1. What is the calculated FRET efficiency for ARG72 to LEU112, with r their C-beta to C-beta distance and R₀ = 41 Å, to the nearest 0.05?
2. To check my understanding: the extent here is largest minus smallest coordinate of the Cα atoms along each principal axis. What are those three numbers for the range 98-208, in Å, largest first?
3. Could you work out, for the range 75-119, what percent of all Cα-Cα pairs fall into each 5 Å distance bin, beginning at 0 Å and stopping at the bin that holds the largest distance?
4. How high is the relative contact order of the range 51-117? Use alpha-carbon pairs under 8 Å, at least six apart in sequence, and give a whole percent.
5. Could you tell me the convex hull volume per residue, in Å³, taken over the Cα atoms of the range 157-204?
6. When the chain is fully extended, how far beyond the present Cα-Cα distance does VAL139 get from ILE218, taking 0.36 nm per residue of separation?
7. Quick one, can you get me the convex hull of the C-alpha atoms of the range 14-114 expressed as volume per residue in Å³?
8. Suppose the chain between ARG149 and ILE32 were pulled fully straight at 0.36 nm per residue; how much longer would it get relative to their current alpha carbon spacing?
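Derivation of every value follows stated rules applied to the coordinates shown; laboratory data play no part. Given the structure is predicted, the values throughout are model-derived calculations rather than measurements. All Cβ positions, even for glycine, are placed from backbone atoms using ideal geometry, and neighbour counts span all protein chains on display.
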Amino acid sequence: DRRGGALSSQTKNFYLQATKQFLRWMKLNRRIPDNPLEGTKPWNVDVDRRHDRRALTEEEVRRLLDSTAESRDSYRGLAGPDRAILYRVAVSTGLRAAEIASLTPKSFLLNLDAPVVVVEAKNSKHRWEDKLPLVDDLVPDLRSYVAARPIDGPVWPGTWHERAFVMIRQDLEACGIPYWEDGLVADFHSLRHTFLSLLSRSGVKPQEAQRLARHSDINLTLSRYTHLEIRDLAAAVNRLPSFGKAKADPRPLRATGTDGKHAEEQCPQYGPQCGRTGDSEREPEATPATEEGGGADDATPAERDGL
């Protein structure tokens, strides 16, 4: 029944995975002889993507936050300032909507040397407790905001997370940011894409981004969630060392020695101070006699050439 209809390949794979796990349990407990779905392959999600997400730019994030903070509209009990700080948490931690909805004031450990937000294992997607660091400029605002909330209740109560894409769509349209652009959507989960893309642009190491994203596969972090534009790639190549053509030496290249230096650097007598320009203008000099009475005619060719 699930194979038909309008379900996406990803949703079908979730059903397939759950069924396989149940049949595997039945086989281990000898309730069935074999798992009939053991060799069934999942659907290829890449050829059936209902919509791809885009990351917001830094300027778009600021516009969204400023506009939402001043909004007088409410969405499922969340006023504009409530949604604004909620978006800040999402774009600076990469937390999903359901994970943020599960947070209580106790989830924020703001008095540590390195403040963190804790997502309990039962509320985390991968069923492990997560501790994520908080950016410094967010901590003071969170401290005052969380202090006004019931200690055991959710910081952002209500059912907003069930239709979070509708909430952010309304706030995006209010500040003139398109929800759809070039076939890409900017829904609530796009804030997670934005978080990882901003990390990459900030020079964060891939392994650090993977840890912050809580992905088991680094390829998912780099290929699916990190969006790089041509200006990001241009900035990357411009960090390479320059190999431009060296400036030409303005001095005329006259005689050079074995190490490529100019003649005046090799032999001072060739310099402009003596007015000589080369061997053609050099006057012969007398060769001093040796201790044995030898003169110029007694010198070897190498000695006459100054070697």
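1. Using R0 = 41 Å, I get an efficiency of 0.70.
2. Principal-axis extents of the range 98-208 (Cα, largest first): 43, 37, 29 Å.
3. Pair shares across the bins are 5, 20, 27, 29, 15, 4, 1, 0.
4. Once divided by the residue count of the range 51-117, the mean separation gives 17 percent.
5. Details: hull volume 5.0 nm³, N = 48.
Per residue, the Cα convex hull of the range 157-204 comes to 105 Å³.
6. So the chain would gain 25.6 nm between VAL139 and ILE218.
7. Numbers: hull volume 22.9 nm³, N = 101.
Dividing the Cα hull volume of the range 14-114 by its residue count gives 227 Å³.
8. Here the answer is 36.9 nm.
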